[in-house]
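This report concerns only the one structure given below.
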Amino acid sequence: MEKKIKIAYFGTPEFAALQLEAILKAGYEVAVVVTMPDKPAGRGRKIQYSDVKETALKHGLPLLQPEKLKDPVFLEQLAAYQADLFIVVAFRMLPAVVWQMPKLGTFNLHASLLPQYRGAAPINFAIINGETETGLTTFFLNEEIDKGAVIMREKVAIRPDETAGELHDELMILGNTVVVETIKKIENGKVKALPQEELAESTALKPAPKITKEFCNVDWHQDCQTVYNHIRGLSPYPAAHTRLQSDYGETIDLKIYASEVEHCLPQVPVGNVVTDNKKYVKIALKDGFIHLTAVQQAGKKAMPIADFLRGTALNGTWKTLNE
């Protein structure tokens, strides 16, 4: 069936590119795609296109890449496409002059069950906080970040050993269905958007702020489950970090991509490193050990711990510095 609705799509990374593909596959007309300006990346500083731009070019879609979203030239160009509905997935905050433009409104896809985990890193913090479920929410934009009226919510269970990267991919695929269903509801006039206050539970709301470099440092004075959740909630990006120091002053910086918990009562102080220098490296906590199973030493590639030990012997006594 031919769709009469015209869409302007805003997005940047792979997560957003997959939703754009789903919208096109469903037969909707995307009048224009808005994505970030091209920028140099990597050691060669080559110009790199966003995933959304790559998708738009593949399908021959018109592109806008504004530096400033309030630029009068951009606003005039955007309005000229006469889109009925704006869709935002993993993009910058839109000014009111943009999200108020289409007659059917502007909706956003957010990777949590709003109103929980508003902010830039909802997938990471759901795992870091040990949640057993999360999901996706579509909502209409308003003046406040991630606080607009909810159109749809779809729940997803979080496995006890699931990483942020794995959950990201699961939600990215689920987003295909949620975004298209949301468009159908809006197109058919069947939306009953609920204020987030009506969806809030009695428990306090948990935020999902942008993750800082300092936050990635592991606090080895916490319990094993908290540290384990912290590591998997930051894997593979930006990755948990620790610094090891030997008793003679040598230091090693490590990103930790995977770990395992050993519950016990360690006979060594918190933060001490125990290893056979062949197959395992584990760090003492107050209620057990965290085994480092996949790491990346500064300046080297990510690798299983046995491969790391083949190239780096932890002779003598080692302990963590950022305890």
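The values are calculated or read from the model by the stated rules, or taken from the named source; none is laboratory data. Because the structure is predicted, anything quoted here is derived from the model rather than measured. Backbone-built Cβ (ideal geometry, glycine too); neighbour counts: all protein chains shown. The protein model used for the area step is the full one, side chains on, heavy atoms only, and it has no ligands, DNA or RNA in it. Shrake-Rupley method; radii C 1.70, N 1.55, O 1.52, S 1.80 Å.
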Requested in this report: Taking the Cα centre of the chain as origin, sum charge times position over the Cβ atoms of Lys and Arg (+1) and Asp and Glu (-1), and report the length of that vector in debye to the nearest 20.
Outcome: 740
Query raised in the report: Of LYS46, LYS185, LYS70, which has the largest mean-square fluctuation in a 10 Å C-alpha GNM of the chain?
Result: LYS46
Query raised in the report: In deg cm²/dmol, rounded to 500, what helix-only [θ] at 222 nm does the chain give when every DSSP H run of at least 4 residues adds -39500 (n - 2.57) and the total is split over its residues?
Result: -7500 deg cm²/dmol
**Report entry** Violating pairs (Cα-Cα greater than 29 angstrom) within the set LYS46/LYS206; LYS70/LYS155; LYS279/LYS319
**Finding:** LYS46/LYS206; LYS70/LYS155
Query raised in the report: Cα centroid distance between segment 58-119 and segment 275-322, in Å?
Result: 45
Query raised in the report: What is the chain's relative contact order, in percent, from Cα pairs under 8 angstrom and six or more apart in sequence?
Result: 13
Query raised in the report: In Å², what does the accessible area per residue of the chain work out to with a 1.4 Å probe?
Result: 51
Query raised in the report: How far, in degrees from 0 to 90, does helix 224-233 lean away from the longest principal axis of the Cα atoms of the chain, to the nearest 10?
Result: 40
Query raised in the report: How many percent of all Cα-Cα pairs in the chain sit more than 27 Å apart?
Result: 52
Query raised in the report: Convex hull over the Cα atoms of segment 186-289, averaged projected area in nm²?
Result: 11.2
Report task. Please find, in a Gaussian network model of the chain (springs between Cα atoms separated by less than 10 Å), the residue of ILE23, ILE256, ILE47 whose mean-square fluctuation is greatest. Result -> ILE47
Report task. Could you state the angle between the C-alpha long axis of helix 164-187 and the longest principal axis of the C-alpha atoms of the chain, as a value from 0 to 90 degrees rounded to the nearest 10? Result -> 10
Query - Rounded to the nearest 10 Å², the accessible area of TRP99 at probe 1.4 Å - result: 30
